[in-house]
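Inspection log for the structure reproduced underneath, given as structure tokens.
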């Protein structure tokens, strides 16, 4: 079964989840590894760090580094929780994505995400990536 979700949101399944639902799921299934509110534990930090990538101490998180919000859905659904990958229902994954993005103010605290809304989110570092279409055959940027 192909469960791939592209950065543009193609492949997102039906379903929805709210920030409040995601917070409860995160506390139950994620905080032991990722710390309170995704701030870091034994596993990677997930939140914070916006605006730090060009500093001497960059903090790479979902909010500070990832260019597309649907990629977060894809990763969580595919790989989390570490002890039981692919065990979360799609509604739980939408809720977790809503919660994590709300922590950094990318979505509102009362947001409810579904495929359409998730695909519309503009991540803070989206402009920090150069696509292959922007390069010529030598690997140089086609424009300044």
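A few notes on this one:
- Tally of residues being buried (at least 19 other Cβ atoms within 10 Å of the Cβ) and part of a helix (DSSP H, G or I) across the range 93-129: 14
To keep it simple, each residue is scored yes or no on (1) over 13 Å from the mean Cα position of the chain (by Cα); (2) under 24 Å from residue 90 (Cα atoms).
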residue: 29; (1), (2): yes, yes
residue: 36; (1), (2): yes, yes
residue: 41; (1), (2): yes, no
residue: 46; (1), (2): no, yes
residue: 54; (1), (2): yes, no
residue: 58; (1), (2): yes, no
residue: 63; (1), (2): no, yes
residue: 66; (1), (2): no, yes
residue: 71; (1), (2): no, yes
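- Test: residue in the range 17-29 that is more than 25 Å from residue 2 (Cβ to Cβ), at pLDDT 95 or above and not in a helix (DSSP H, G or I): yes
- Among the residues of the range 49-82, those that are farther than 23 Å from residue 117 by Cβ and either in contact (Cβ under 8 Å) with a residue 12 or more places away in the chain or touching a helix residue (DSSP H, G or I) at 6+ places or on another chain (Cβ under 7 Å) (or both) comprise 49, 51, 52, 53, 59, 81, 82.
- Selection from the range 1-16 of residues that are within 17 Å of the chain's Cα centre (by Cα) and either part of a helix (DSSP H, G or I) or under 17 Å from residue 96 (Cβ atoms) (or both): 3, 5, 9, 12, 13, 15, 16
- Pairs linking a residue in the range 11-26 that is within 14 Å of residue 114 (Cβ to Cβ) to a residue that is at pLDDT 95 or above and surrounded by fewer than 16 Cβ atoms within 10 Å (Cβ to Cβ), with Cβ atoms under 9 Å and 6 or more positions apart or on different chains, are 12/116; 15/89; 18/110; 19/108; 19/109; 19/110.
- All positions within the range 98-121 that are touching a residue at least 60 places away in the same chain (Cβ under 8 Å), out of contact with any strand residue (DSSP E or B) (no Cβ under 9 Å at 6 or more places or on another chain) and under 15 Å from residue 46 (Cα atoms): 100, 102, 103
- Scanning the range 34-70 for residues that are surrounded by 17 or more Cβ atoms within 10 Å (Cβ to Cβ) and in a helix (DSSP H, G or I) gives 34, 37, 38, 62, 63, 64, 65, 69, 70.
The values are calculated or read from the model by the stated rules, or taken from the named source; none is laboratory data. Computed from a predicted structure; not experimentally measured. All Cβ positions, glycine included, derive from the backbone under ideal geometry; neighbour counts span all protein chains shown.
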